[in-house]
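Structure first, commentary second.
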Amino acid sequence: MATEAHAAEGATGYIIHHLTPLSVGEGFWTLHLDTLFFSAVLGGLFVWFFKKAADNATTEVPGLVQNFVEMMIEFVDTQVKDSFHGNSKLIAPLALTIFCWVFLFNFMDLFPIDLLPAIGSVMGIPYLRVVPSTDLNATFALSISVFCLIIFYNLKIKGLWNFSKELLFHPFNHWLLIPFNILLNFVEYLAKPISLALRLFGNLYAGELIFMLIALLPAYLQPVLSLPWAIFHILIITLQAFIFMVLTIVYLSMAHEESH
Amino acid sequence: MSINITLIGQIITFALLIWFVMEYVWPVLFAALEERKKKIAEGLAAAEKGQEEILLAEKKAKGLLKTAKDQSSEIVTLAQKQANEIVEESKNSAKKEGDRLILAAKAQIDQEIQQSKDTLRKQVAALAVTAAEQILTAEIDKNKHQEIVEKISSRL
């Protein structure tokens, strides 16, 4: 891909350059340094901010930072309590982490599209893709983790026996339909992480692509188009983070519920 | 655009983030929130209780006021009654005293009349005697007629 990018010129070259991650290694052992770097930095930012708020937390009248953080906590807690009726120490922090982290991923999209890559190229970095959620590895990392948790909780709450029974006899409770049930459940379970990851990836990838296309237009047209798109994008990035969080909660609550 | 080892790196980062949030962030903030909720609820409950107490106190004060009013009116009635009685009594006693005084005065007057009658009688007698004496001096012996004069004067 990198060689292609060098070869192509003009608009195609520009786009391909922007979509090429900074990577080391070959084949499966490739590491996307930009994705890893930015997601780690954003995760660190999130954790630092919330940890600071937690350290300064008082039960007196809250300050601005604490107010904001508490608002987030309340918001996530409400979402969790709305759809999750079990008792879990993990699920609320997980939801908070997903929402904030994905939101910060997506927020990188609102930086001027050439700003960070330009700074990078001055520093001698040839490729820089700043939005981690336009990397399938980042979105799949989230959704596969969630998928593992789904399986884990299914096994933990229902036990291996009940879980297998659910896979074999749900939705059609007849021994003749066992193969069909297996197929159906297989698709259903597999669809969860794939749809989670691809929805986020697709939205952000497309958004980024449109920013690139706008950037290719004449200079006088760019603000007219990129401003409304950026404003619209504020909605999209929040919505995508929210959807990811809510679906995670819903999937995990389904894992906690006994079979019908 | 391929899945590669980055995925594993991202999963590790994700797991670390979740662990950190679960361990150090969520419980602290949530506890603070719960604590504040509790405090607010307590404050509200206390306010409500205070209001209830005020109502109760008002009721009690009203009751006390009513009893006090009742008592005072009772006292006033009683006092009026007593005053009336006293006035009546004093009227009676005054009347009695007056009657007594009048009676005494009458008695005294009677007595005085009697006395002056006696005195007058005696004086008249004496005068009569003197007159008789003077009349009789020339004619009769004083000793002889003394007996007769006294007899008459005692009959007066």
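Of note:
- Some residue of the stretch A:4-13 being surrounded by fewer than 21 Cβ atoms within 10 Å (Cβ to Cβ), within 9 Å of chain B (Cβ to nearest Cβ), within 30 Å of A:L216 (Cα to Cα) and out of contact with any strand residue (DSSP E or B) (no Cβ under 9 Å at 6 or more places or on another chain): no
- Extreme residue, farthest from the chain's Cα centre (by Cα), among residues of the stretch A:109-149 that are more than 13 Å from A:L22 (Cβ to Cβ) and of a type in the set (D, E, K, R): A:D114
- Candidate set: the stretch A:26-57, residues that are part of a loop (DSSP other than H, G, I, E, B) and more than 7 Å from every other protein chain (Cβ to nearest Cβ); chosen: the one nearest to A:W101 (Cα to Cα): A:N56
- Residue satisfying condition, being facing chain A (nearest Cβ under 7 Å) and assigned to a helix (DSSP H, G or I), within set B:E35, B:E48, B:E23, B:E52: B:E35
- Just one of the listed residues (B:S2, B:S72) is more than 9 Å from chain A (Cβ to nearest Cβ), free of Cβ contacts under 8 Å to residues at least 40 places away in the same chain and out of contact with any Leu (no Cβ under 7 Å at 6 or more places or on another chain), and it is B:S72.
- A:L204 vs. criteria free of Cβ contacts under 8 Å to residues at least 12 places away in the same chain and surrounded by 15 or more Cβ atoms within 10 Å (Cβ to Cβ): no
- Leading residue by the ranking (nearest to A:E257 (Cα to Cα)) among those in the stretch A:70-101 that are without any contact (Cβ under 8 Å) to a residue 24 or more places away in the chain and buried (at least 16 other Cβ atoms within 10 Å of the Cβ): A:A92
- Among residues of the stretch A:207-260, those that are at pLDDT below 90, crowded, with 18+ Cβ neighbours inside 10 Å, within 24 Å of A:F152 (Cβ to Cβ) and of a type in the set (S, T, N, Q), counted: 1
- Residue-level analysis places B:A61 among those that are more than 9 Å from every other protein chain (Cβ to nearest Cβ), assigned to a helix (DSSP H, G or I) and modelled with pLDDT of 95 or more.
- Hey, A:T78 hydroxyl-bearing (S, T, Y) and facing chain B (nearest Cβ under 8 Å) or not: no
The values are calculated or read from the model by the stated rules, or taken from the named source; none is laboratory data. All figures in this text were calculated on a predicted structure; none of them were measured in a lab. Positions of Cβ are generated from backbone atoms using ideal geometry, with glycine treated the same way; all protein chains shown enter the neighbour counts.
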